[in-house]
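Novice: Here you go, one structure.
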Amino acid sequence: MLIYWTHIGPTIVTAFLASLVECVEALTVVLAVGVVRGWRGALMGSGAATLALLCLIAVLGSALTRIPLGVVQLAVGTLLLLFGMRWLRKAILRAAGIVAMHDETAIYTQQEGVLRQTGSSVGIWDKVAFATAFKITMLEGIEVVFIVIALGAGDPGLLLPASFGALVALVVVVILGIAVHRPLSRIPENTLKFMVGVLLSGFGTFWVGEGLGFVWPGRDWSILALIASFLVVAAITVSACRRRAISASQIL
Amino acid sequence: MKWLKSIFREIVGLFVDDGTFAIAILVWLAMLRLALPHLPIPAVWDGVILFAGLVAILIESTLRRTRQR
């Protein structure tokens, strides 16, 4: 099946941006673990979680190839819609000032405090450091795995571009983390989440439509049209929420 | 086991934040799957109808959350 750049381009960009957000969030906690409890436990926990995630990809990837494409498109599209529209909803509410912004520095400080309160490690094996690093890498990594598989599930040829986007994001975050040795709070995470929400909602709508047997006008170009439409709607909704919040506060 | 439970809870949380919002999306998709084939609407409009419903759900949910603040 011929895959056009209109499909591959947004797939790489979406996987890259979504994975960038997740990797930044994981890095914040792993950094806190490394600084407070030592790097051995932090790196071992992250490494073990990464291995578990690779096993998950192998199992899910081979399982998906045995399911009919239409079923995969509908199931994955539905999950992608739930996931993407949840992100977009939250990003709209954050941009409108209804929900507090995500702050990596605050999360780092809080995590550092929690880790300092737990007792010091006994022997060379720091269970707290290992478990904390394992858990955060697993949680954020599962989101990355889901995004890559969901973006690639609609067409087998898209799994590689989606994986490439995610891998580049991981490398970028690891390099930045080693270089700055602090939470990457300068990365505009809320704006990224807004864009990723728009992109995932566009892809989710397209895959659900494909799964339901819809005929998309312009075929793959519909993905770009859906993404652009979600972006316009989201921007209008942010203004509407802001106006409503201001008028509500004036009444009170 | 505690952290396994929390990982499971987080996985569910990936897809469901506001229960009403998630249910509305699922109901809309189910309605389209069941009803669209029986309605005299040209196939080219199917995608537009899907998108319009999702947008309506998104706008309603965000405005409702704004009101609740």
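Novice: Let me know the charge dipole size of chain B about its Cα centre in debye, to the nearest 20, where only the beta-carbon of Lys, Arg (+1) and Asp, Glu (-1) is charged.
Specialist: Numbers: 8 positive and 5 negative charges, 78 e Å.
That gives a dipole near 380 debye.
Novice: Roughly how compact is chain B, stated as its Cα Rg over 2.2 N^0.38 Å to two decimals?
Specialist: Working: Rg = 16.4 Å, N = 69, 2.2 N^0.38 = 11.0 Å.
That works out to 1.49 for chain B.
Novice: Listed here are the pairs A:135/A:193; A:90/B:5; A:90/A:135; A:127/B:2; which of them are more than 20 Å apart at the Cα?
Specialist: Numbers: A:135/A:193 22 Å; A:90/B:5 24 Å; A:90/A:135 23 Å; A:127/B:2 14 Å.
Beyond 20 Å: A:135/A:193; A:90/B:5; A:90/A:135.
Novice: Working from Cα positions, state the angle (0 to 90°, nearest 10) between the long axis of helix A:159-180 and the longest principal axis of chain A.
Specialist: Approximately 30 degrees, to the nearest ten.
Novice: How compact and how long is region A:138-252, expressed as Rg and Dmax of its alpha-carbon atoms in Å?
Specialist: Final numbers for Rg and Dmax: 18.1, 55 Å.
Novice: Going through region A:106-210, which chymotrypsin sites (Phe, Trp or Tyr not before Pro) have at most 13 other Cβ atoms within 10 Å and a DSSP loop state?
Specialist: Working: sites: A:108, A:125, A:130, A:134, A:146, A:164, A:194, A:203, A:206, A:207; in loops: A:125.
Passing sites in region A:106-210 are A:125.
Novice: I need the calculated FRET efficiency for the pair residue A:100 and residue A:180, taking r as the beta carbon distance and R₀ as 25 Å, to the nearest 0.05.
Specialist: On the way: r = 24 Å, r/R0 = 0.97.
Result of the calculation: an efficiency of 0.55.
Novice: Checking the a/c ratio against 1.5 first, then a/b against b/c, what shape does the Cα gyration tensor give for region A:1-121? Please report the intermediate quantities before stating the final value.
Specialist: On the way: a/c = 2.62, a/b = 1.50, b/c = 1.74.
It comes out oblate by the Cα gyration axes.
Novice: If chain A were replaced by its equivalent ellipsoid, with semi-axes equal to the square roots of 5 times the Cα gyration tensor eigenvalues, what would those be, largest first, whole Å?
Specialist: One finds semi-axes of 33, 26, 14 Å for chain A.
Novice: Still on this structure: Please identify, among B:44, B:27, B:55, the residue showing maximal mean-square fluctuation in a Gaussian network model of chain B using a 10 angstrom Cα cutoff.
Specialist: Comparing B:44, B:27, B:55 in a Gaussian network model of chain B, the most mobile one is B:44.
Novice: Let me ask something else about it. Using alpha-carbon pairs under 8 Å, 6+ residues apart, how would you state the relative contact order of chain A in percent? Can you show the working numbers first?
Specialist: Numbers: 347 pairs, mean separation 101.3, N = 252.
This gives 40 percent for chain A.
Novice: Still on this structure: Regarding region A:71-142, what are the three Cα extents along the principal axes, ordered largest first, in Å?
Specialist: Largest first, region A:71-142 extends 50, 37, 12 Å along its Cα principal axes.
Just so you know, all these numbers are worked out from the coordinates, no wet-lab data involved. Every value quoted in this text rests on a predicted model; they were computed, and no experiment measured them. We place every Cβ from the backbone using ideal geometry, glycine too, and count neighbours over all the protein chains shown.
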